[in-house]
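The values are calculated or read from the model by the stated rules, or taken from the named source; none is laboratory data. Please read these numbers as outputs of a predicted model, since none were measured by experiment. Note that each Cβ is placed from the backbone with ideal geometry, even for glycine, and that neighbours are counted across all protein chains shown. Note: areas computed on protein heavy atoms with side chains; ligands, DNA, RNA excluded. Shrake-Rupley method; radii C 1.70, N 1.55, O 1.52, S 1.80 Å.
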Amino acid sequence: QVQLVESGGGSVQAGGSLRLSCAASGYTDSRYCMGWFRQAPGKEREGVAGLDGDGSTSYADSVKGRFTISRDNAVNVTLQMNDLKPEDSAVYYCAADLLRPPWSQAQFRYWGQGTQVTVS
């Protein structure tokens, strides 16, 4: 079993930046695929950024050029969010699993509880 805890959320003005972190504990594997997802009120949870075990990254079109996903150590990851927009407001979740691309959020077994991001 793996436990994931997100942190770094908060309130920021449009155009500002936030850095989210995902800390993993329990059984972890450096080969895990890591992902960031978000869910706004009344909307389905959507993919934001992904990091494959080989270091390859992927981003939703809506955040390309503004967000950056990176691995800090074995399985801990960060999401640097720049030039934030009101439409970025959501609860952000990290997820992890041993997956092969292409992957979707339904395939992830391990999820954090989320951290709120509010942009105004």
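Partnerless cysteines in the chain, where a partner means another cysteine C-beta under 4.7 angstrom, comprise Cys33.
Charge tally around Arg100: other residues with Cβ under 13 Å, Lys/Arg +1 each, Asp/Glu -1 each, net -2.
By how many nm would the segment from Gln107 to Lys43 grow when fully extended, if each residue of separation counts as 0.36 nm and the alpha-carbon distance is taken off?
Details: separation 64, 0.36 × 64 = 23.04 nm, distance 1.96 nm.
Net length gain for the segment: 21.1 nm.
Taking a Cβ cut-off of under 10 Å around Val91, the surrounding Lys, Arg, Asp and Glu residues balance to a net charge of +1, with basic ones at +1 and acidic ones at -1. I'd like to check one number: the per residue accessible area of the chain, probe 1.4 Å, reported in Å² as a whole number. Per residue, the chain has 51 Å² of solvent-accessible surface.
Along the Cα-to-Cβ line of Asn82, 7 Å from the Cα, sits a label point; which residues in the range 7-41 have backbone N less than 14 Å from it? Under cut-off, by backbone N: 15-19.
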